[in-house]
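For reference, the structure is listed below as structure tokens.
Nothing in this text is a laboratory measurement; each read-out follows from the coordinates by a stated rule. Predicted model, so just to flag it, every value in this text is computed and none were measured. Here Cβ is always computed from backbone atoms with ideal geometry, including for glycine, and neighbour counts include all displayed protein chains.
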Amino acid sequence: MRLNDFVHTLKSKLTATQPSFGDDADSVLGFLCGAYYDQNCNSDTEEIKRAFEDLYEAMNGKTLREKDEVIYAVCCLCRGHQQTGFIDGIKLGLYLSQELNN
């Protein structure tokens, strides 16, 4: 990923969403996480595609609406874990940087 591409994606996302960060640093990091994933994670890997195929196969016999409800919940859970990992990684990097500078 080139920094210029990320900055462009970040500016586009900022213009399109008009976020309100308030006093919450985590919401700023969440916004950065969203821009990062928009820039770098636009397609699923073969492993992820196979996992979704396995999930759909495991839901054999359920209606399309029931399957969609499960998939929506799974995607929300995954997105939450990705964002938590991204934010925790940034925080850890900042903490380590501070420790190295002391």
Legend entry - Simple spin-label estimate for residue 40 and residue 73 in nanometres, 7 Å along Cα-Cβ: 3.0
Inset, instruction - Provide the per-residue ³J(HN,Hα) series for segment 48-60, in order, calculated from phi with Karplus coefficients 6.51, -1.76, 1.60 and θ = phi - 60°, each as a whole number of Hz, with x at glycine and proline positions. - result: 5, 4, 5, 4, 5, 4, 4, 5, 4, 5, 5, 9, 3
Inset, instruction - Sticking with the crude label model, points 7 Å out along Cα→Cβ, report the distance from residue 57 to residue 28 in nm, one decimal please. - result: 4.7
Inset, instruction - With a ≥ b ≥ c taken as the square roots of the eigenvalues of the C-alpha gyration tensor of segment 44-102, please select rounded if a/c is under 1.5 and otherwise prolate if a/b is larger than b/c or oblate if it is not? - result: prolate
Inset, instruction - Neighbouring Cβ atoms within 10 Å as the yardstick, rank 47, 53 fewest first. - result: 47, 53
Legend entry - Computed E for residue 100/residue 12 - FRET, C-beta separation, R0 30 angstrom, nearest 0.05: 0.35
Legend entry - Net dipole in debye of the chain [+1 Lys, Arg Cβ; -1 Asp, Glu Cβ; about Cα centre; nearest 20]: 260
Inset, instruction - About the Cα centre of segment 44-102, how large is the charge dipole given +1 on each Lys and Arg Cβ and -1 on each Asp and Glu Cβ? Please answer in debye to the nearest 20. - result: 180
Legend entry - Interatomic Cα distance distribution for the chain, bins of 5 angstrom, percent: 2, 10, 14, 17, 17, 14, 11, 8, 4, 1, 1, 0, 0
